[in-house]
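Okay, structure first, notes after.
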Amino acid sequence: MNVLSVVGARPQFVKAAAVSQQLRDTHDELLVHTGQHYDPELSEVFFEELALPEPAFHLGVGSDSHATQTAEMMLELERIIDDESPDVVLVYGDTNSTLAAALVAAKSSTQLAHVEAGLRSYDWSMPEEVNRRLTDHCSDILFAPGQHAKETLAQEGISENVFVSGDVMYDTLIQISDRLHGTETELDVPDEYVLATVHRAKNTDDRDRLESIIDAFSQLHVPVVFPAHPRTVTALQEYGLWDRATEAARVIDPVTYGQFITLVEDAVCVATDSGGVQKEAFYLDTPCVTLRETTEWIETVDAGWNTLVGAETSEIVDAVRAAVDPPAKPELYGNGNAAARIVEQLERSVR
Ligand code: UD1
Ligand code: UDP
């Protein structure tokens, strides 16, 4: 089987790491990096730490408007798919890189497989919601992380070739946790802290929301460690909020994956608007406060490990103060063997 895997943004490197390893044992994989993320701390460090293979193609698209960025990826991907004629195109998650590859695969009649299918926030203003819905509806083979996502797809009329695989991010997490066990992060952080990340367009493109989140950080009872996405740094600077942010929190550059999950594990609470980080907090037994009104990882909320608070200062402060470990932890997204399941199913489903 010849697989063309397309990645481009930080969370996709984490997801692809698990599957790529399994695939390459018995199949041929060509990895495409769109270049959506290009700063070393958002890209290169993940390839090194997670031993991802060198991309066969690096498109180098960089940052731009959604239309330009997606269109540039599509132009390059069409050429590659024409030249390489893969048996299947494999995409992850919900970024512009995901959608670009999905559209090109669908229009070139190449089979398309989507990892993290069936997730919905039902917030159509999120670019990710547009990307994941359209990708699901272009896909031939759909890997849902849990039963709920499979049911969501069925409600939208997609019930063929949908497989519950579990979450590939859990696979990667288990692998690196085993490797890192007992090692230090080499970061100077307090004994007790809240770990924060913020990068969603809704929070960074709206000065009031970002200010309200920063105000909450300044009112918390424990210090906040805040590895800031470059988009958020730019927004804080543009809005004149940078000094307030650095007073409210220990703002640091994005950290490596190993450092980040160690920070999650040791935090008293995680406050985030990330998709992946909500799950990682759950896997690592750290309660999560989500700085959004909706989540596509709704099972973590239902299980009591995640609280949706939006961007209101007092709600964030109250939720972080109230955050405790719930008594029980169900298995929500598999047991860490999602990549093996995905590869086995691809072997059966790819024509
Ligand atoms: C993208 C994804 C989002 C995902 C996130 C993971 C889309 C629409 N969004 O959001 O779903 O959660 O990645 O982190 O696909 N920038 C840099 N250096 C980089 C990359 C970006 O400075 O290496 C800055 C640029 O100013 C750029 C901005 O960040 O304009 C946004 O980057 P972009 O890739 O468009 O979206 P993200 O916010 O990173
Ligand atoms: N992450 C990291 N360093 C950081 C922040 C996040 O390695 O400084 C990892 C995190 O462990 C998770 C992934 O990046 O695996 C999540 O990416 P992000 O929050 O950017 O994207 P989302 O999941 O929201 O799409």
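Can you list residue pairs whose Cβ atoms sit under 8 Å apart, with the first residue in the stretch 299-314 being surrounded by fewer than 17 Cβ atoms within 10 Å (Cβ to Cβ) and the second being charged (D, E, K, R) and modelled with pLDDT under 95? Count only pairs 6 or more apart in sequence or on different chains.
The qualifying pairs are ALA303/LYS329.
Being crowded, with 22+ Cβ neighbours inside 10 Å, over 24 Å from ALA340 (Cβ atoms) and touching a residue at least 40 places away in the same chain (Cβ under 8 Å) is the requirement here; does ALA201 meet it?
On the way: crowded, with 22+ Cβ neighbours inside 10 Å: no; over 24 Å from ALA340 (Cβ atoms): yes; touching a residue at least 40 places away in the same chain (Cβ under 8 Å): yes.
So ALA201 does not fit the description; no.
Would you be able to say whether some residue in the stretch 205-214 is buried (at least 16 other Cβ atoms within 10 Å of the Cβ), within 11 Å of ligand 1 (Cβ to nearest atom), polar (S, T, N, Q) and under 27 Å from VAL324 (Cα atoms)?
no
Identify all residues within the stretch 230-253 that are crowded, with 22+ Cβ neighbours inside 10 Å and within 11 Å of ligand 1 (Cβ to nearest atom); write none if there are none.
Of everything in the stretch 230-253, those that are crowded, with 22+ Cβ neighbours inside 10 Å and within 11 Å of ligand 1 (Cβ to nearest atom) turn out to be THR232, ALA235.
For the list (1) of a type in the set (Ser, Thr, Tyr); (2) buried (at least 18 other Cβ atoms within 10 Å of the Cβ); (3) away from ligand 1 (no atom under 14 Å from the Cβ), I need the number of the one condition that TYR257 fails.
Condition not satisfied by TYR257: (3).
Only one of GLU54, GLU78, GLU48 is out of contact with any helix residue (DSSP H, G or I) (no Cβ under 9 Å at 6 or more places or on another chain), surrounded by fewer than 19 Cβ atoms within 10 Å (Cβ to Cβ) and acidic (Asp, Glu). Can you tell me which?
Details: GLU54 fails: out of contact with any helix residue (DSSP H, G or I) (no Cβ under 9 Å at 6 or more places or on another chain); GLU78 fails: out of contact with any helix residue (DSSP H, G or I) (no Cβ under 9 Å at 6 or more places or on another chain).
Step by step, each of GLU54, GLU78, GLU48 is checked, and only GLU48 is out of contact with any helix residue (DSSP H, G or I) (no Cβ under 9 Å at 6 or more places or on another chain), surrounded by fewer than 19 Cβ atoms within 10 Å (Cβ to Cβ) and acidic (Asp, Glu).
Can you find a residue in the stretch 272-280 that is surrounded by fewer than 20 Cβ atoms within 10 Å (Cβ to Cβ) and assigned to a helix (DSSP H, G or I)? Before you say what the answer is, go through the steps one by one.
Quick first cut of the stretch 272-280, residues surrounded by fewer than 20 Cβ atoms within 10 Å (Cβ to Cβ) only: none.
Scanning the stretch 272-280, I find no residue that is surrounded by fewer than 20 Cβ atoms within 10 Å (Cβ to Cβ) and assigned to a helix (DSSP H, G or I), so the answer is no.
Where in the stretch 1-110 are there helices (runs of 4 or more DSSP H), lying wholly inside it, with at least 2 residues that are modelled with pLDDT of 95 or more, aliphatic (A, V, I, L, M) and away from ligand 1 (no atom under 15 Å from the Cβ)?
On the way: elements: 10-26, 44-49, 66-84, 96-107.
Correct list: 10-26, 66-84, 96-107.
The values are calculated or read from the model by the stated rules, or taken from the named source; none is laboratory data. Treat the numbers as computed from the prediction; the structure is a model and nothing was measured. Positions of Cβ are generated from backbone atoms using ideal geometry, with glycine treated the same way; all protein chains shown enter the neighbour counts.
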